Amino acid sequence: MSSSPARVPTAWILTAHVLGAVAIGALEAARLKSGALALTLLPLFGAAGLAAGLAIAGSERVAEGKRTLVAAAIRSAPSLIVVGPVAWTLFDGAFARTLPGARLLPFVVPLVAWALIAAVLVGVRAFLATSDLTTRAIRILACAGAIGGIVWSERHLLGSGYPAAHYGATIAVIVLAGALVRAIAVPPVSSYVAAALAACTFGTAVAATVHGLRDESQRRVLETYGDQGRDLVHLVRAAVDLDGDGSSPLLGGGDCDDRDPVRYRGAPDVPGDGIDQDCNGSDAVAPPPPPAPKALDLASWRATQPVTDALARTKGMNVVLVTVDALRFDMLAPDTADRTEFPELVKLLDDSVWFTRAISPATGTDISLGTLLTGRHDPYQTIDTTLPEALQARGYRTYSALPEEVTRYVGQVLPGRGIDRAKPVYTDWGVSDVADHVSAPTTTAEGLRALDDAAGRPSLVWLHYFDVHEHHQLKAPKALLQRVHEEESKKRRNYRALLAAIDHEIGRLRRELSRRGLADKTIIVFAADHGESLGEDPRLLETHGRVAYHALVRIPLAFHIPGVPGGVRTDPASLVDIAPTLLSVLGATGAIAPLDGVDLTPALLGAPPALRRTERALVVQEELQWSVVEWPHQLLVRPSEDLVELYDLEADPAQSYDLAQAKPDVVTRLRARYAEVPQLKVDRTLDGRRWREQQARRPPRRAPAAGEAGTPTP
């Protein structure tokens, strides 16, 4: 018996990898129960298998006659095409950049993987020399087990993050499927048959790429429930996105001009500029602006005795800004029966002016907290003055207690501007970036130390509670689990139990404010940065970020102001409104200019609806989706998939009934409203974070020109 395996015919390598890939595509289409999707997926998978077969056959041909180690290195070289990009993105995360040698790992890991695969091939080639049934069965089981392991890892470890890793996993599955077919047998395959199969595969793949997925319902099913098929479609679109706008004309991507990066389906269409940016066949028409309050009427209202007395009382008060990471609105909504399990939060909200139609500007903490601190829709532009800096300039002592994980992800520059004393809160004592204890008590303790340090001087204390964000890692202690009722979803119960810990700390904070005699001198602003997914809907992905559905963007937002009666307000509101509202209430109007947010003071103090912004569109911007909420409607657009959804949040908060086809006029109007705010490119890569840190730096102070305040006039 030969000590090395016989050469496998190129025709069989190509045929086996096409058949294996098509089998994976067929399984995906069968799982999705869609024959129409099969017409697109099978040719695409076949073409991917053909490409893999060509790479493998080519490396086999080049390796012929070479020494063992050299041949193994050549045969494993195609793996670099996959491992390289995957390694680059795996080490692009906020946590990964803290690892030792993080800058070198994207280069080292592919080389190490290449060497390991080559070493494995040396052993496998010797093993392949034996072709008895037992050896063949072992090869088959090994390939099948590897495929199962990759699919499991995709679903349970990668989740919805790391797109390049998903692409790499999909390619690996396709390669292994071909290896599985090759392990079964090596039947004689004519070169003519292989050539015909290759030509048929290529031709049908071209047709599927050009004409496939034109039906929106097919794209929706694939995007929501797909696995390897979804990844393969994304990969093909990304490869043929010539203008780099994130949209492709292929596979239903909807890019009507792949040479112009500002024109694609889902692009903001600027009304009246004569350009059809969103490819719907016509230029957008600006909707009529909402009726603005008459300046004279608003000024007259502000001049009334009750208003002037209220603003005189709040001028110079302390501020405790409480933000809770990933807190869903429906946990505390007025009509939620289980809200009684959080008595301290309920009491705070009931004692506050609560905006029940508040929408976060994003489902990621970076944009959300950025808009809160700056009052701008685009927090990444040059910002002269942040909210803490404005208060610091007026004699406030400023403090923050933020989780280390937040600053690692969001950045340290913008959250640190204008803060006299910033205290990190650690959620991961054991393993970095893996939460292992409830951190809410530490957050409160830092807040109380800040109040003591202020020693009666006006102060801003910002406390960011993080425990509910960690519900997928941190198991709530038994005592907290007992505070909330049993639920079918263990994830939801764990989330609620961790919220109970925050509830207890909010009560402790308020009691300490009273004990220190500060309750009547302190404004409490309570808000979440965004909502959260608890696994109830596959559209929401595993947690938050990337998409903009209702459960991820509707947030609690409330202002507890001593002397101002609590109550519910249905005025549209957003985190971008906190800065202008606080500055107005504290008597510092004009401390930051310009501001994009709305001053909610008229709503806080009960001004007539005619003097308030009760009709308003709020924009959400995320990686995969953008959204406009104009109550009660929410428009959601996923540009790369050319998917448009419209829901009535009042009648259908679970977003089960898409109204986009039934109400095209609403879709058109809300598309135009999206163009009213600056568009953000949400880039959470390492390069993107570096750019944000650079942008967040305080601009150099210029000398005032002659005639400006503080400068003598010649």
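The values are calculated or read from the model by the stated rules, or taken from the named source; none is laboratory data. Owing to the predicted nature of the structure, the values given are computational and were not obtained by experimental measurement. When we count neighbours, we look across all protein chains shown, and the Cβ atoms used for this are built from the backbone with ideal geometry, even at glycine. In case anyone asks, the SASA skips ligands and DNA or RNA and just uses the protein heavy atoms, side chains included. Shrake-Rupley method; radii C 1.70, N 1.55, O 1.52, S 1.80 Å.
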Inset, instruction - Please work out which residue is nearest to residue 502 (Cα to Cα), limiting yourself to the range 340-349 and to residues that are more than 27 Å from the chain's Cα centre (by Cα) and in a helix (DSSP H, G or I). - result: 344
Legend entry - residue 58 being outside any helix (DSSP H, G or I), open to solvent by 20 Å² or more (accessible area, probe 1.4 Å) and either over 23 Å from residue 160 (Cα atoms) or modelled with pLDDT of 75 or more (or both): no
Inset, instruction - Only residues that are over 30 Å from residue 418 (Cα atoms), in a helix (DSSP H, G or I) and either among the aromatic types (Phe, Trp, Tyr) or open to solvent by 10 Å² or more (accessible area, probe 1.4 Å) (or both): list them for the range 325-339, please. - result: 330, 337, 338, 339
Legend entry - Residue satisfying all of: in the range 571-589; of a type in the set (S, T, N, Q) and either at pLDDT below 95 or assigned to a helix (DSSP H, G or I) (or both); farthest from residue 513 (Cα to Cα) among these: 589
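Filtering the range 467-507 down to residues that are charged (D, E, K, R) and under 30 Å from residue 519 (Cβ atoms), which residue is farthest from the chain's Cα centre (by Cα)? Let's see the steps before the verdict.
So the first thing to find is which residues in the range 467-507 are charged (D, E, K, R), and the list is 467, 470, 475, 478, 483, 486-488, 490-493, 496, 503, 505.
The next check asks that each one be under 30 Å from residue 519 (Cβ atoms); those that pass are 467, 483, 496, 503, 505.
Numbers: 467: 18, 483: 31, 496: 22, 503: 26, 505: 28 Å.
Of everything passing the filter in the range 467-507, 483 is farthest from the chain's Cα centre (by Cα).
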Inset, instruction - Scan (1) out of contact with any helix residue (DSSP H, G or I) (no Cβ under 9 Å at 6 or more places or on another chain); (2) open to solvent by less than 50 Å² (accessible area, probe 1.4 Å); (3) modelled with pLDDT of 80 or more for the single condition residue 161 breaks and write down its number. - result: (3)
Inset, instruction - Taking residue 508 as meeting all but one of (1) open to solvent by 10 Å² or more (accessible area, probe 1.4 Å); (2) in a loop (DSSP other than H, G, I, E, B), write down the number of the exception. - result: (2)
Legend entry - Residue in the range 587-599 that is under 22 Å from the mean Cα position of the chain (by Cα) and surrounded by fewer than 21 Cβ atoms within 10 Å (Cβ to Cβ) present: no
Legend entry - Selection within the range 211-223 - open to solvent by less than 30 Å² (accessible area, probe 1.4 Å) and not small (Gly, Ala, Ser): 213, 219, 222, 223
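Among the residues of the range 467-488, count how many are open to solvent by 20 Å² or more (accessible area, probe 1.4 Å), outside any helix (DSSP H, G or I) and either modelled with pLDDT of 95 or more or touching a helix residue (DSSP H, G or I) at 6+ places or on another chain (Cβ under 9 Å) (or both).
So the count comes out to 8.
Yes/no per residue for (1) at pLDDT 85 or above; (2) farther than 24 Å from residue 202 by Cα; (3) open to solvent by 30 Å² or more (accessible area, probe 1.4 Å):
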site: 48; (1), (2), (3): yes, no, no
site: 63; (1), (2), (3): no, yes, no
site: 66; (1), (2), (3): no, yes, yes
site: 71; (1), (2), (3): no, yes, no
site: 75; (1), (2), (3): no, yes, yes
site: 82; (1), (2), (3): no, no, yes
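Surrounded by fewer than 15 Cβ atoms within 10 Å (Cβ to Cβ), hydrophobic (A, V, I, L, M, F, W, C), modelled with pLDDT under 85 and farther than 19 Å from residue 549 by Cα: which single residue out of 703, 662 fits that description?
After applying the criteria, what remains is 703.
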Legend entry - Any hit, the range 452-466, residues being free of Cβ contacts under 8 Å to residues at least 60 places away in the same chain, crowded, with 18+ Cβ neighbours inside 10 Å and either under 27 Å from the mean Cα position of the chain (by Cα) or part of a helix (DSSP H, G or I) (or both): no
Legend entry - Scope the range 625-654; condition touching a strand residue (DSSP E or B) at 6+ places or on another chain (Cβ under 8 Å), surrounded by fewer than 20 Cβ atoms within 10 Å (Cβ to Cβ) and not in a strand (DSSP E or B); matching residues: 632, 649
Inset, instruction - Look at residue 270 and say whether it is among the hydrophobic types (A, V, I, L, M, F, W, C) and either at pLDDT 85 or above or under 19 Å from residue 622 (Cβ atoms) (or both). - result: no
Legend entry - Within the range 418-440, tally of residues that are open to solvent by 60 Å² or more (accessible area, probe 1.4 Å) and either in a helix (DSSP H, G or I) or of a type in the set (D, E, K, R) (or both): 4
Inset, instruction - Answer with yes or no whether residue 580 is open to solvent by 10 Å² or more (accessible area, probe 1.4 Å) and out of contact with any helix residue (DSSP H, G or I) (no Cβ under 8 Å at 6 or more places or on another chain). - result: yes
Inset, instruction - Determine whether residue 443 is hydroxyl-bearing (Ser, Thr, Tyr), within 30 Å of residue 392 (Cβ to Cβ), in contact (Cβ under 8 Å) with a residue 40 or more places away in the chain and assigned to a loop (DSSP other than H, G, I, E, B). - result: no
Legend entry - Pairs where the first residue, in the range 147-171, is outside any helix (DSSP H, G or I) and the second is open to solvent by 20 Å² or more (accessible area, probe 1.4 Å) and at pLDDT 80 or above, C-beta under 6 Å, 6+ apart: 159/542; 160/541; 160/542
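Quickly run through the range 535-558 and pick out the residues that are part of a loop (DSSP other than H, G, I, E, B), open to solvent by 10 Å² or more (accessible area, probe 1.4 Å) and under 22 Å from residue 345 (Cβ atoms).
Residues satisfying the conditions are 536, 543, 544.
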Legend entry - All positions within the range 665-689 that are assigned to a helix (DSSP H, G or I), at pLDDT 85 or above and open to solvent by 70 Å² or more (accessible area, probe 1.4 Å): 665, 668, 669
Inset, instruction - Kindly list, by first and then second residue, each pair from a residue in the range 606-625 that is closer than 15 Å to residue 301 by Cα to a residue that is open to solvent by 60 Å² or more (accessible area, probe 1.4 Å) and in a helix (DSSP H, G or I), limited to pairs with Cβ atoms under 7 Å and residues at least 6 apart or on different chains. - result: 611/297
Legend entry - Positions within the range 31-45 being among the hydrophobic types (A, V, I, L, M, F, W, C) and either within 11 Å of residue 209 (Cα to Cα) or open to solvent by 30 Å² or more (accessible area, probe 1.4 Å) (or both), in sequence order: 36, 39, 41, 42, 44
Legend entry - Residue list for the range 350-382, restricted to those being part of a loop (DSSP other than H, G, I, E, B), open to solvent by 10 Å² or more (accessible area, probe 1.4 Å) and not hydroxyl-bearing (Ser, Thr, Tyr): 351, 357, 361, 376, 377, 378, 381
Inset, instruction - Please state which of the following conditions residue 185 fails to meet, knowing it meets all the rest: (1) open to solvent by 30 Å² or more (accessible area, probe 1.4 Å); (2) among the small types (Gly, Ala, Ser); (3) in contact with a Lys or Arg (Cβ under 6 Å, 6 or more places away or on another chain). - result: (3)
Legend entry - Selection from the range 93-140 of residues that are surrounded by 13 or more Cβ atoms within 10 Å (Cβ to Cβ), within 23 Å of residue 405 (Cβ to Cβ) and either modelled with pLDDT of 65 or more or aliphatic (A, V, I, L, M) (or both): 94, 96, 99, 102, 105, 106
